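*Asks:* Attaching a single structure in structure tokens format; questions to follow.
The values are calculated or read from the model by the stated rules, or taken from the named source; none is laboratory data. This structure is a prediction, so every number in the text was calculated from the model and none was measured. Here the Cβ is made from the backbone with ideal geometry for all residues, glycine too, and neighbour counts use every protein chain on show. When the accessible area is computed, the model is the full protein with side chains, heavy atoms only, and any ligands, DNA or RNA have been set aside. Shrake-Rupley method; radii C 1.70, N 1.55, O 1.52, S 1.80 Å.
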Amino acid sequence: MTRPIILGIVGDSAAGKTTLTRGIAQVLGPENVTIICTDDYHRYDRKQRAEIGITALHPDCNYLDIMQQHLSQLRTGQPILKPVYSHKTGSFEPPIYIKPNKFVIVEGLLGYSTRGARDSYDVKVYLAPPEPLRAKWKVKRDTQKRGYSEEQVLDELTKREPDSEQFIRPQRQWSDIVVSFYPPSDDMDESNGHLNVRLILRPTIPHPDFTQIIYSGDGANLTSAIRLGLDRDMGKPVDVLEVDGHATLEQVNKLEHIICSDMPYLRNICDRESNPELGKVAGTTGETLQSYPLALTQLLITYHMLRATQNHQLGETQVVEQL
Ligand code: G6P
């Protein structure tokens, strides 16, 4: 018996959760993935929130108990009847029946806020772009897709800041990987180049051995665009991998090989010759449709999900053998 593998993607509003979720689902094969957005567990609709004076970021504004219950049901492969919040109307629609696929990606604002919820994930990611970049993304999304004016969005950001600080940002401490895309310079203009990525790798899960890039003898020409170091995050020691948007294909390919080396599925999908379409989305080999830092981030997270699958299957076998 296998159970679904659960990935959490948590971060503040417009931190890039949906983009990353879609990319990973693409790598794993959309037919294998169930995507859940925890915005659906809002307790109050938009009108009620305005009346009460509470933001969607506050735990009291969400049915976290039901969310947690659903997560543990999904983890054991059971179906759920999921509420539906419409970002278009700001109100709720009839719930939908969801049966989990092999992989479940749970994205949202408060995914790690309770112990029970945290225990449900196999891999936990937290998205932390610099605040000015997030504000820029939020203005862009909410004005283009959610019918708000720029002024309304900026106003909303100010109103939500205390809740972001108190309830959203502390959740980074529970993640296995903190992902921060950031512009190469402070001017926030990413139009002329791709964003860099800073990946904080906590020792809570075993990461691929990136020290190979330092000791392989190629270190000297990699260090300009790819950096590996030690740091502290929220008081705890972490590894940090940084990849610049202007890294060359040759440089990035080395990281790709490290991630894919003992993962046949990933090796196969990154092989552009045998798999041209997926290769573009998943890997960095050849001309990519997206930035190398984003492709690598997706690849690393997918690696961890596949690893969780292997571990789980191994665990099951051992239990059966013991019996
Ligand atoms: C944030 C979240 C949304 C959430 C929303 C509620 O912006 O990122 O996904 O559902 O707050 O606010 P709304 O604009 O729908 O009233």
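Yes/no per residue for (1) open to solvent by 30 Å² or more (accessible area, probe 1.4 Å); (2) over 23 Å from the mean Cα position of the chain (by Cα); (3) at pLDDT 80 or above:
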position	(1), (2), (3)
Lys254	yes, no, yes
Ile259	no, no, yes
Asp262	yes, no, yes
Asp271	yes, yes, no
Glu277	yes, no, no
Gly283	no, no, no
Glu287	yes, yes, no
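*Asks:* Can you name every residue in the range 156-172 that is open to solvent by 10 Å² or more (accessible area, probe 1.4 Å), out of contact with any strand residue (DSSP E or B) (no Cβ under 8 Å at 6 or more places or on another chain) and either of a type outside the set (Asp, Glu) or in contact (Cβ under 8 Å) with a residue 60 or more places away in the chain (or both)?
*Replies:* Leu157, Thr158, Lys159, Arg160, Pro162, Asp163, Gln166, Phe167, Arg169, Pro170
*Asks:* Right, next: Out of all the residues in the range 15-52, which are more than 18 Å from Tyr112 (Cβ to Cβ) and either β-branched (Val, Ile, Thr) or not in a helix (DSSP H, G or I) (or both)?
*Replies:* Thr19, Val27, Gly29, Val33, Thr34, Arg43, Tyr44, Asp45, Ile52
*Asks:* Quick check: anything in the range 104-111 out of contact with any strand residue (DSSP E or B) (no Cβ under 6 Å at 6 or more places or on another chain) and either exposed (fewer than 14 other Cβ atoms within 10 Å of the Cβ) or more than 21 Å from Thr18 (Cβ to Cβ) (or both)?
*Replies:* Checking the range 104-111: not a single residue is out of contact with any strand residue (DSSP E or B) (no Cβ under 6 Å at 6 or more places or on another chain) and either exposed (fewer than 14 other Cβ atoms within 10 Å of the Cβ) or more than 21 Å from Thr18 (Cβ to Cβ) (or both).
*Asks:* Something else about it: Here is a list of conditions, (1) within 30 Å of Asn268 (Cβ to Cβ); (2) crowded, with 23+ Cβ neighbours inside 10 Å, and Ala15 meets all of them except one; can you say which number that is?
*Replies:* Here Ala15 clears every test but (1).
*Asks:* As an exercise: evaluate Ile6 against (1) out of contact with any Lys or Arg (no Cβ under 8 Å at 6 or more places or on another chain); (2) more than 13 Å from the ligand (Cβ to nearest atom); (3) part of a strand (DSSP E or B); (4) of a type outside the set (Gly, Ala, Ser) and give the number of the one condition it does not meet.
*Replies:* Of everything listed in (1) out of contact with any Lys or Arg (no Cβ under 8 Å at 6 or more places or on another chain); (2) more than 13 Å from the ligand (Cβ to nearest atom); (3) part of a strand (DSSP E or B); (4) of a type outside the set (Gly, Ala, Ser), Ile6 misses just condition (1).
*Asks:* Residue under question is Tyr41, and the condition is that it be of a type in the set (Phe, Trp, Tyr), under 22 Å from Ser180 (Cβ atoms) and either within 13 Å of the ligand (Cβ to nearest atom) or buried (at least 20 other Cβ atoms within 10 Å of the Cβ) (or both); does it hold?
*Replies:* Answer is no for this residue.
*Asks:* On to the next question. Test each condition in (1) within 16 Å of the ligand (Cβ to nearest atom); (2) outside any loop (DSSP other than H, G, I, E, B); (3) within 17 Å of Ala308 (Cβ to Cβ) for Pro83 and report the one that comes out false.
*Replies:* (3)
*Asks:* Look at Val153 and say whether it is open to solvent by less than 20 Å² (accessible area, probe 1.4 Å) and within 28 Å of Val238 (Cα to Cα).
*Replies:* Spelling it out, it is not the case that Val153 is open to solvent by less than 20 Å² (accessible area, probe 1.4 Å) and within 28 Å of Val238 (Cα to Cα).
*Asks:* Looking only at the range 129-151, which residues are in contact with a strand residue (DSSP E or B) (Cβ under 9 Å, 6 or more places away or on another chain), more than 14 Å from the ligand (Cβ to nearest atom) and either assigned to a helix (DSSP H, G or I) or at positive phi (or both)?
*Replies:* Leu133
*Asks:* Continuing with the same structure: Are there any pairs, at least 6 apart or on different chains, whose C-beta atoms fall under 8 Å, with the first in the range 126-153 and among the small types (Gly, Ala, Ser) and the second assigned to a helix (DSSP H, G or I) and open to solvent by 70 Å² or more (accessible area, probe 1.4 Å), and if so, which?
*Replies:* Filtered contacts from the range 126-153: Ala128/Arg169; Ala135/Leu154.
*Asks:* Output the number of residues of the range 225-252 satisfying the condition of being in a helix (DSSP H, G or I) and open to solvent by less than 20 Å² (accessible area, probe 1.4 Å).
*Replies:* 1
*Asks:* Restricting the range 16-48 to residues that are among the charged types (D, E, K, R) and touching a residue at least 60 places away in the same chain (Cβ under 8 Å), which is nearest to Lys138 (Cα to Cα)?
*Replies:* Step by step, filter the range 16-48, then rank; the result is Lys17.
*Asks:* Taking the stated definitions as given, is Pro94 more than 13 Å from the ligand (Cβ to nearest atom), open to solvent by 20 Å² or more (accessible area, probe 1.4 Å) and in a strand (DSSP E or B)?
*Replies:* So Pro94 fits the description; yes.
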